[in-house]
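The values are calculated or read from the model by the stated rules, or taken from the named source; none is laboratory data. Keep in mind that what you see is a predicted model, and the values were worked out from it rather than measured. FYI the Cβ positions are ideal-geometry reconstructions off the backbone, even for glycines, and counts take in every protein chain you see. Side chains are part of the model used for accessible areas, which takes the heavy atoms of the whole protein and leaves out ligands, DNA and RNA. Shrake-Rupley method; radii C 1.70, N 1.55, O 1.52, S 1.80 Å.
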Amino acid sequence: MVSLKRTYLALAAVLLAGCAADEEPPEREAVPIIAQKVAMLPEQSRVEAIGSARAATSAQIFPETAGQVRRVRFAAGDFVRRGAVLVELDARQERLAVELAQVQVREADQLLGRYRRIEDTGAISESQIEAGETALASARVALRQAQTALADRTIRAPFSGHIGLTEIDVGDRIDPSIPIAQLDQRGTLYVDFPAPETVFNQLSEGAVVTVSPFSEPGRQIEARVIATDSTVSSDQRNFTVRTAVDNSGDRLRPGMSFRVIFSDAGTTRPAVPEEAIVWGGEGAYLWAVRDGKARRIPVTITSRRDGRAFVDAPLTARDTVVVEGVQKVREGQEVRIAKAAPAPAQTGTLVTPTPAPKPAPAASASLTANGR
């Protein structure tokens, strides 16, 4: 009886297994998604900064020596030529010193002449002649020193340029620590500004940027990069750029502030809607639709602009990425594109402030369109 029961159970198990084998597994439905084609666009770099101008050649004029001012021979704003007299100090003592040195030179020269006229007679030794030559050379050096001291009593322009305000008046007693005036050669101005290190290779010598003086907001001037600083600031992560601006019309002044704008097309990269980016434990990724299935693609975001994220990823213009429904798909899952997402509108640029270096006079700098 027991064996018969076991036989019935075995037959039932075989029949059930056969039925299960004949049944097909239910099909897994494709997940509906909204997708968009990948766009390959240039990763534009746009720098906006505040720059400060300085003269191409500039000097603060100081006297070489102390003395009383006898004459001031310039007025603020004058254009002075190189070598022009700016200030004359009392030089009576120095003129007397020059006259005395000239007398000593003549005496030493006459004495040496007498020695040489009687040299052949044997009345004078060779050492006496050598002493006479030394005395003449020493007197000539003393004369040059006196002439230099006299010249220092007259302050001259070291180069041609416009001279600024002075607080020196006739009768003042000044010394080498007291400034006389500022002299600027402002036919060309240098505009220095801070730029983020991300555009270091784009802002090399010869690059052109647009500068606009705050005194004339509607005026735009092309300025050419002539030099960049040798280092990048370790705390601000930026570097100083120097540009040259033509000021032949003399409408600009050293110390003025300028708005600086620089744009560069940059590297062409895949651009995807920002909604397509998903963040996981291993970083950012997105879902690409390939052969009707979702494929996970790790990405590195390099910049953002106009609702798009520029990414470093193995994507081409033929790829389609999931924009809506990213949370519902899994690796290898079949997907169905319900509709194509519209491309982001070109609405402008995203500005992210970048601090200016602390020692620089510039107030701010920003990286536009990169979002970094």
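Things worth noting here:
- Amide proton proximity set for VAL323, modelled H, under 5 Å, gap of 5+: ILE34, ALA35, GLN36
- Only Lys, Arg, Asp and Glu carry charge here, each on its Cβ (+1 for the first two, -1 for the last two); on that basis the range 63-174 has a dipole of about 400 debye about its Cα centre.
- Contour excess over end-to-end distance, with Cα ends at GLU274 and GLN147 and 0.36 nm allotted per residue: 38.0 nm
- Carbon + sulfur, % of accessible area of the range 271-335 - ligands and nucleic acids excluded, 1.4 Å: 43 percent
- Label-point separation, THR300 to ARG156 (7 Å along Cα→Cβ), nm: 6.1 nm
- Cβ-based charge dipole, the range 63-174, positive-most Cα from THR65, LEU86, GLN104: LEU86
- The residues of the range 63-174 expose, per residue, 64 Å² of accessible area to a 1.4 Å probe.
- Extension reserve of the ASP246-GLU133 stretch, reckoned as 0.36 nm per residue once the Cα distance is removed: 35.0 nm
- Spin-label pair ASP120/ARG259, simplified geometry with 7 Å Cα→Cβ offset, distance in nm: 9.0 nm
- Cβ-placed point charges (K, R +1; D, E -1), dipole of the range 152-205 about Cα centre in debye, nearest 20: 220 debye
- FRET efficiency for GLU282 and ARG224, using Cβ-Cβ distance with R0 set to 56 Å, rounded to 0.05: 0.80
- Of the accessible area of the range 156-248, computed with a 1.4 Å probe over protein heavy atoms only, carbon and sulfur atoms account for 45 percent.
- Where a label projected 7 Å from the Cα of SER177 along Cα→Cβ would reach, residues of the range 56-77 with amide N under 11 Å: none
- Share of carbon and sulfur in the accessible heavy-atom surface of the range 24-126 [1.4 Å probe, %]: 46 percent
- Sparsely packed loop sites in the range 194-292 (the chymotrypsin sites (Phe, Trp or Tyr not before Pro) outside DSSP H, G, I, E and B with at most 11 other Cβ atoms within 10 Å) comprise PHE214.
- Among ASN238, ILE277, SER248 - extreme Cα towards positive end, dipole of the range 220-296, charges at beta-carbon: ILE277
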